[in-house]
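Colleague: One structure coming up, written as structure tokens, with questions to follow.
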Amino acid sequence: MNADEIRRAYLDFMTERGHVIIPRSPLVPKDDPTTLFTGSGMQPLLPYLLGAQHPAGTRLADSQTCLRVQDIEEVGDNRHTTFFEMLGNWSLGDYFKQEQIPQVWTFLTAKVGLDPDRIYVSCFSGDPKNDIPKDEESAQLWTGLFQEAGVSSDQVDVGTEEHAAAVGTGGARIAFYGKKNWWCRGGKAEDMPVGEPGGPDTEIFYLFPTVEHDPTFGEHCHQNCDCGRFIELGNSVFMEYRRTETGFEPLPKKNVDYGGGLARIAAAAIDSPDVFRIGLLWPIIERLQELSGRSYEDETVSMRVIADHLRGATFLAVDGVMPGNKAQGYVMRRLLRRAIRFAFDLGLEENFFPQIIPTIAEIYEAHYPEVGEHAEYVEKVLVKEEQAFRRTLRKGLKQLRAYRGTTVTGAELFVLYDTYGFPVELSTEEAGRQGIVVSETWRDEFDEHMTAQRERSQRSTTLHV
Ligand code: ATP
Ligand code: MG
């Protein structure tokens, strides 16, 4: 099954199981000024998980487009992209663990066809300090499923993350972790206000035995090791407790929140530990290879970054964001300019967005018709940004190189931003690769200049009026 088929199969499977398929929310949250982007399938549903009635009922599912700027540094590895789709399903006071765990299992093994012997899971080890019990029920359900499939079902009680790293599991099928497998808003059980819901989660990983464990991530490889040998496909959060004055009590109405990465499931389906090999990304990489005459093997990181950033910027444009100096527009600008910078290294020094955007539109238009409908508009917006930055990219790089041997100050980074259009994160990253030292106080200095400039421009507009 390819990614398109998996997305379809998932939504059909959930429909058969009584779920209503809800449309994706845009990348910019509608009524939530506290966050720039929709970063998970759960985010738009939070009000309903906290008790509001959803108009579509108690069983919901979707494929949610997500953007995580916080993962930008991880783009380049085998499994993180800033833009991705999360397959989600929710039970709002309807079914619970007994139905959710076999449901995910059946989808991944029977529908997608993943090898049960390569599926590993993690469960919540409990939190004695806060008097929250170990999630034995989830572990028992998993044990039953593994036994039925005729694969091992050993457990390891690592208790805490520190233990996990030290003891290692060497591949125990069910590993118990502490706070990694606890969900609540804000993340920490002890910081939850009275009345706040939370609960354990159980995560599903796929083992890629062809990836060798990298000991720089720790002596032993285990479910939560970051070397890329185990890849997290998805997880189910079980909201079952409520904070009280003294501890926790069971919630009268329990919820399930599941989120699974479409790209990662699709990669597992073709037995590739590299998500860029799937049909949603590979055509972009192929285009980049043709245009640059370089190979993906030699230019893996650059090509991954460019493919991801242009795809993310395309969806941002489809959802109404324009490159700019603030908020979402700034992030979009940063993605585009970073893609241009990486392309420069591939010898792509002329405008190349027009050669890539149609490929992205072709990949997504069947499932997201809005991407096809707005393809021309998207191209116009992105190309304008490309042209603007190209005019100053070379000069800006030269300027930055001129700082070699000195310590670059926040004021100088501001010049790069203001005169050459270098988003400050791009400049500091570039300095890093050129071995140029950046002053420790650059952020404060840069912000001061930024504020001063804003004040100046506000004064001048007031004067004009
Ligand atoms: P990881 O530890 O791999 O970064 P996560 O714990 O941040 O994953 P969740 O927030 O639980 O992930 O999101 C649910 C699912 O969404 C993950 O299991 C994964 O399949 C997918 N996912 C999360 N972040 C990314 C990303 N940056 N790129 C692609 N898929 C992702
Ligand atoms: Mg993450």
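The values are calculated or read from the model by the stated rules, or taken from the named source; none is laboratory data. Remember, it's a predicted structure, so these values are computed and weren't measured experimentally. Note that each Cβ is placed from the backbone with ideal geometry, even for glycine, and that neighbours are counted across all protein chains shown. Side chains are part of the model used for accessible areas, which takes the heavy atoms of the whole protein and leaves out ligands, DNA and RNA. Shrake-Rupley method; radii C 1.70, N 1.55, O 1.52, S 1.80 Å.
Colleague: Give the cross-link partners of LYS30 among the lysines, using a straight C-alpha distance below 26 Å as the criterion and excluding same-chain residues fewer than 8 apart.
Modeller: The qualifying lysines are LYS326, LYS380.
Colleague: Place +1 on the Cβ of every Lys and Arg and -1 on the Cβ of every Asp and Glu in region 328-437, take the dipole about the Cα centre, and give the residue among ILE357, GLN387, ALA411 whose Cα lies farthest towards its positive end.
Modeller: ALA411
Colleague: Please give the length that would be gained between VAL151 and THR34 if that part of the chain were fully extended, namely 0.36 nm times their separation in residues minus their C-alpha to C-alpha distance (nm, one decimal).
Modeller: Stretched fully, the VAL151-THR34 segment lengthens by 37.6 nm.
Colleague: Under a crude label model (7 Å from the Cα following the beta-carbon direction), how far is ALA388 from ILE21 in nanometres?
Modeller: It works out to 3.8 nm between the two label points.
Colleague: Taking all protein chains as present, what is the carbon and sulfur share of the accessible area of region 306-465, in % to the nearest whole number, probe 1.4 Å?
Modeller: 50 percent
Colleague: How large is the dipole of region 1-160 about the Cα centre if only Lys and Arg carry +1 and Asp and Glu carry -1, each at its Cβ, rounded to the nearest 20 debye?
Modeller: Dipole about the Cα centre, nearest 20: 440 debye.
Colleague: Give me the dipole magnitude in Debye, nearest 20, for the chain about the Cα centre, with unit charges on the beta carbon: positive for Lys and Arg, negative for Asp and Glu.
Modeller: 1380 debye
Colleague: Now for a different question. Length gain on complete extension for the stretch MET1 to ASP117, per 0.36 nm per residue less the alpha carbon to alpha carbon distance?
Modeller: 39.9 nm
Colleague: Report P(r) for the chain: all Cα-Cα distances, bin width 10 Å, range 0 to the bin holding the largest distance, values in whole percent.
Modeller: 4, 18, 27, 25, 18, 7, 1, 0
Colleague: Still on this model: Which whole-number percent gives the relative contact order of region 257-359, counting Cα pairs below 8 Å spaced six or more residues apart?
Modeller: Result for region 257-359 is 25 percent.
Colleague: Considering the dipole of region 201-334 built from charges on the beta carbon (Lys and Arg +1, Asp and Glu -1) around the Cα centre, which of VAL211, THR300, PHE230 is farthest to its positive end?
Modeller: My answer, from the dipole projection, is THR300.
Colleague: Calculate I(q)/I(0) for region 229-284 by the Debye formula, one identical point scatterer on each C-alpha and no solvent, and give its log10 at q = 0.15, 0.19, 0.25, 0.31 Å⁻¹ to two decimals.
Modeller: After summing over all Cα pairs, the log10 values are -0.58, -0.70, -0.94, -1.14.
Colleague: If you don't mind, another one. Between VAL301 and ALA327, how high is the FRET efficiency from 1/(1 + (r/R0)^6) when r is the Cβ-Cβ distance and R₀ = 30 Å? Nearest 0.05.
Modeller: Step by step, r from the Cβ atoms, then E = 0.60.
Colleague: Would you list, by chain and number, the lysines whose Cα falls below 29 Å from the Cα of LYS111, excluding same-chain residues fewer than 8 positions away?
Modeller: LYS97, LYS180, LYS254
Colleague: I've got another one for you. Tell me the accessible surface of TRP282 in square angstrom (1.4 angstrom probe, heavy atoms of protein chains only), to the nearest ten.
Modeller: 50 Å²
Colleague: OK, next. How much length, in nm to one decimal, is gained on full extension between PHE344 and HIS220, taken as 0.36 nm per residue of separation minus their Cα-Cα distance?
Modeller: Residue separation times 0.36 nm, minus the Cα-Cα distance, leaves 40.8 nm.
Colleague: Report, to two decimal places, the Cα Rg of region 182-264 normalised by 2.2 N^0.38 Å (N = number of residues).
Modeller: Dividing the Cα Rg of region 182-264 by 2.2 N^0.38 Å gives 1.39.
Colleague: Report, in cubic angstrom per residue, the convex hull volume of the C-alpha atoms of region 4-120.
Modeller: Expressed per residue, the convex hull around the Cα atoms of region 4-120 is 131 Å³.
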